[in-house]
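Supplied in C-alpha cells, the structure appears directly below.
The values are calculated or read from the model by the stated rules, or taken from the named source; none is laboratory data. Here the structure is a predicted model, which means the values were calculated and not measured. For neighbour counting, all protein chains shown are included, and Cβ atoms are generated from backbone atoms with ideal geometry for every residue, glycine included. Quick note on the areas: whole protein, heavy atoms, side chains included, nothing else; ligands and nucleic acids left out. Shrake-Rupley method; radii C 1.70, N 1.55, O 1.52, S 1.80 Å.
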Amino acid sequence: MTTEHQNNQLGLNQATAPEDTRADRSFDTIADHFEKKVYGGLKGEIRLAVLRRDIVEYSTQMSEALGRPLRILDVGAGLAQIAIELATQGHSVVINDISANMLEKAKANAEQIDQALDITWYVCPYQTLEETLGKEENDKFDLILSHALLEWLAEPAAVMDFFDQYLTDDGALSLCFYNPASFDYRNLIMGNFNLLDNTDYKADNKKSLTPNHPVAKEEVESWLKAHDYQTVRSSGLRVFHDYAPLKRGGHNDPDAVIRMELRYSQLEPYKWLGRYLHILAKR
C-alpha cells in the first residue's frame, strides 16, 4: 500500500453552518451507524452486487482495451468497498472522503487483504483535492467513482467541473445517487400520505441517512448532457427489496433476492424504481 497522504486544511468535519444554509455533509460523527445501516445487511449486499457487476465488468473491458491497469479515483468514497476491490485487480486507486473516520474503516478493511495494494488516501473535501492531485495530463484518471455523494453536496452540479478536470478524454464516470422518486413510491405503498402532503418535511440528518436534497435522474442526465457525456449503462439498486412489506416466497432467501435484483436492475421500468440509481457514462 502506498504512502498515506492526508489533507486536513479544512478540518475533518463539516463546518458549522446556519440551519438554512446547505453545506457538504460529512458522516464523521456517525461512521459506525453508517456502516451498520448501509452495509450491515441484505440492503448493502444488493447495493454492492449491482455496483460490482456494472463497474468491474466495464473496468475490465477498459483495461484490456488500454493494455494496462487503470488509474481510478473514488470521490466521497465512504467505506470504499468497490474501489478497494478494483485495487485488488491491480489498478492504481486514489480514495478520498471528507470523513477521517470513514476512511479509517476503509483502510482497516483494505489492510485485511493479503495482497499489496496501490492505494493512496486523501482526507479532505473534494474541492481541495486539486491542491495535491496535480493538474497535468498524467494526473488524470481513467475512471472516477462518485457514489452516494451528489445528494450530500451543497452544490452538487458543481462537481461536474471537477470530473471534467480529472477524467481522461476517453474516461468513464460512475455516478450512484439516491432516487427521490423511490421516496415517494415507498411512502405511497406504506400509506404515509400525511408525510407526502407535508411539503416542509425534513429528515433529521444528524442521524438519518435519507437526504433532504436528493437530485432527480432527469437532473443528473441534464448535467451529463451539458458536459458531453454519454450514458453507457444504467441500473437501479434495490428495485423491489425495500418495497416488500412482508417476507414471503423468495423473499426468505437472500441469495434469490440478490439474483432477482440483479436481473431486474437493468430492465425498464423496474430499474427507475431503485432506491438508488447507478449511471455509468463516458466522455
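With an 8 Å Cα cut-off and a minimum separation of 6 or more residues, compute the relative contact order for region 150-283 in percent.
39 percent
Determine the share of region 96-225's accessible area contributed by carbon and sulfur atoms, expressed in whole percent, with a 1.4 angstrom probe.
45 percent
Each residue of region 93-105 in order: what ³J(HN,Hα) in whole Hz does its phi give by Karplus 6.51 cos²θ - 1.76 cosθ + 1.60, θ = phi - 60°, with x for Gly and Pro?
10, 10, 10, 10, 7, 6, 9, 5, 5, 5, 6, 4, 5
Taking H placed 1.01 Å from N in the peptide plane, check which residues at least 5 places from residue 233 or on another chain put their amide H under 5 Å from its amide H.
280
I would also like to ask the following. What size of dipole, in debye to the nearest 20, comes out for region 207-268 about its Cα centre when the only charges are +1 on Lys and Arg C-beta atoms and -1 on Asp and Glu C-beta atoms?
With Lys and Arg at +1 and Asp and Glu at -1, about 260 debye.
Using θ = phi - 60° and the Karplus form 6.51 cos²θ - 1.76 cosθ + 1.60, what ³J(HN,Hα) does each residue of region 51-62 get, whole Hz, x for Gly and Pro?
Listing the rounded values in order: 5, 4, 4, 5, 7, 5, 4, 5, 5, 5, 4, 5 Hz.
DSSP loop (so not H, G, I, E, B), at most 15 other Cβ within 10 Å: list which trypsin sites (Lys or Arg not before Pro) in region 118-202 pass both filters.
Hits after loop and neighbour filter: 135, 202.
Using the Karplus equation 6.51 cos²θ - 1.76 cosθ + 1.60 (θ = phi - 60°), what ³J(HN,Hα) coupling, rounded to whole Hz, does each residue of region 115-132 give in order, writing x for Gly and Pro?
Couplings: 6, 6, 10, 8, 10, 10, 10, 10, 9, 4, x, 4, 5, 9, 4, 5, 5, 10 Hz.
Still on this structure, please answer the following. Can you tell me the accessible area per residue over region 72-192, all protein chains present, probe 1.4 angstrom, in square angstrom?
Using a 1.4 Å probe on heavy atoms only, each residue of region 72-192 averages 35 Å².
Here's something else I'd like to know. Can you list the GluC sites (Glu not before Pro) in region 103-203 that are in a DSSP coil and have 13 or fewer other beta carbons within 10 angstrom?
Taking region 103-203 and a limit of 13 other Cβ atoms within 10 Å, the loop GluC sites (Glu not before Pro) found are 136.
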